[in-house]
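The values are calculated or read from the model by the stated rules, or taken from the named source; none is laboratory data. Bear in mind the structure is a predicted one, so any value in this text is a computation, not a measurement. Cβ coordinates were reconstructed from backbone atoms using ideal geometry, including for glycine residues, and neighbour counts include every protein chain displayed. SASA here: full protein model, heavy atoms, side chains in, ligands and nucleic acids out. Shrake-Rupley method; radii C 1.70, N 1.55, O 1.52, S 1.80 Å.
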Amino acid sequence: MRQLTFDGPGEYAWREMPHLEITAPKQALVRPVAVACCDLDVAVAEGVLPMAPGHAVGHEGVAEVVAIGDDVTSVKVGDRVVVPFQINCGTCSACRRGVTGSCSSLPLMAMYGMAPIAGLDGGGFMADLVSVPYADTMLVALPDGVDPVTVASLSDNIPDGWRTVGPYQSELAALDPGERRVLVAGRRSIGLYAAAFASAMGAHVDYVDTDPQRLAAAEKLGATVHDRRKPDRSWAPYPVTVHTSAEPELLTATLRATWPDGVCTDTGLFIQPVELPLLALYTRGVRFVTGRANARTVIPGILESISAGCDLAPAVDRVVPWDDAAEVWPTMTSKTVFTRD
Ligand SMILES: [Zn+2]
Ligand SMILES: [Zn+2]
């Protein structure tokens, strides 16, 4: 079978791999049909995030089940499913409490498409087949009528956007209507999803970015957009703020824009140590949340929001034929989805 392999920044190639087979009773084999780039894939392709070469890429997508082990009961051959980017067993203590991003049966960062940091090589979604070792635990059926292209990022970036605002929905709802405000310091796609979910919850969303394509997408997703690098210091502070870049200065500005006892969630990946304005956070009691999403746990609830009318389609910038991936993958700057029949 073929899989798309990272050979170095800007260099990707299709490689032949041994065909996969069912070897365990809880396993399924799936064939990806709509695969999105993760924000991290773009950073790796650009060389911004250094990564050892030689691994299969792709960890966001919708796939069709093509084979199942004897113990699999929740999906059948032919079903369309969302495959979470994190690999998790479903039975350990961490999985049972919903911390599916840190399954204790597997290496801490166990995931697809990023073997050098995942602690295992689970393959990538830009492949003819993908092995899902815990099919009943991991796979989520795609409801009828949901567009695979729109939700290809439901494996990873969509849950990452959701967790910045979803857990604070009741906090926002308890405020006076005029105070239900969310600030999103957006970069790449996670900020767009955060803006979409906050807007769907009825909040006023101020989206800050400098990229014209993302500003246009954020507006379609319901945000008030601001073409600027940082929030203005004169803006009234927000109960909920979201930071999605790897720029320390923007993180600090976002933290400072959070009101007393508010919450600021950061999805950025900082490789270098970063100074935080801890005294300002302490005196105002700002809750600072970082860490990785627990994708599998939140996917079903997000699908309910989507079925209820939260349209994420504007976040997708490009749809590209599968066979063009080796040429297009290194040039991606925004949410790109590769599809095949
Ligand atoms: Zn990712
Ligand atoms: Zn587990």
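Hey, any hits in the range 132-139 for a residue that's among the acidic types (Asp, Glu), out of contact with any Leu (no Cβ under 7 Å at 6 or more places or on another chain) and within 14 Å of ligand 2 (Cβ to nearest atom)? Among the residues of the range 132-139, at least one is among the acidic types (Asp, Glu), out of contact with any Leu (no Cβ under 7 Å at 6 or more places or on another chain) and within 14 Å of ligand 2 (Cβ to nearest atom), which makes the answer yes. Screening the range 44-69 for residues that are open to solvent by 10 Å² or more (accessible area, probe 1.4 Å) and aliphatic (A, V, I, L, M) and picking the one that is nearest to ligand 2 (Cβ to nearest atom) gives ILE68.
Cβ-Cβ contacts under 9 Å between residues 6 or more apart (or on different chains), taken from a first residue in the range 128-157 that is in contact (Cβ under 8 Å) with a residue 12 or more places away in the chain and of a type in the set (D, E, K, R) to a second residue that is within 16 Å of ligand 2 (Cβ to nearest atom) and not in a loop (DSSP other than H, G, I, E, B), are listed as ASP156/GLN86; ASP156/MET111; ASP156/ALA295. Of the residues making up the range 303-324, one or more are in contact with a Gly (Cβ under 8 Å, 6 or more places away or on another chain), surrounded by fewer than 19 Cβ atoms within 10 Å (Cβ to Cβ) and not β-branched (Val, Ile, Thr). Considering the range 76-101, and only residues there that are over 25 Å from PHE338 (Cα atoms) and open to solvent by 40 Å² or more (accessible area, probe 1.4 Å), the residue that is farthest from ligand 2 (Cβ to nearest atom) turns out to be ARG97.
Taking every residue in the range 90-103 that is within 16 Å of ligand 1 (Cβ to nearest atom) and pairing it with any residue that is part of a helix (DSSP H, G or I), at least 6 positions away or on another chain, the pairs with Cβ-Cβ distances below 7 Å are THR100/ALA295; THR100/ARG296; THR100/THR297; GLY101/ALA295; SER102/ALA94. Just name the residue that is farthest from LEU4 (Cα to Cα) out of those in the range 104-121 that are buried (at least 22 other Cβ atoms within 10 Å of the Cβ) and within 16 Å of ligand 1 (Cβ to nearest atom). Here the answer is MET111.
For the range 141-231, list the helices (runs of 4 or more DSSP H) that sit wholly inside it and hold at least 3 residues that are touching a helix residue (DSSP H, G or I) at 6+ places or on another chain (Cβ under 9 Å); which are they?
Values: elements: 157-162, 169-173, 190-200, 212-220.
Once the helices (runs of 4 or more DSSP H) in the range 141-231 are filtered for at least 3 residues that are touching a helix residue (DSSP H, G or I) at 6+ places or on another chain (Cβ under 9 Å), what remains is 157-162, 190-200, 212-220.
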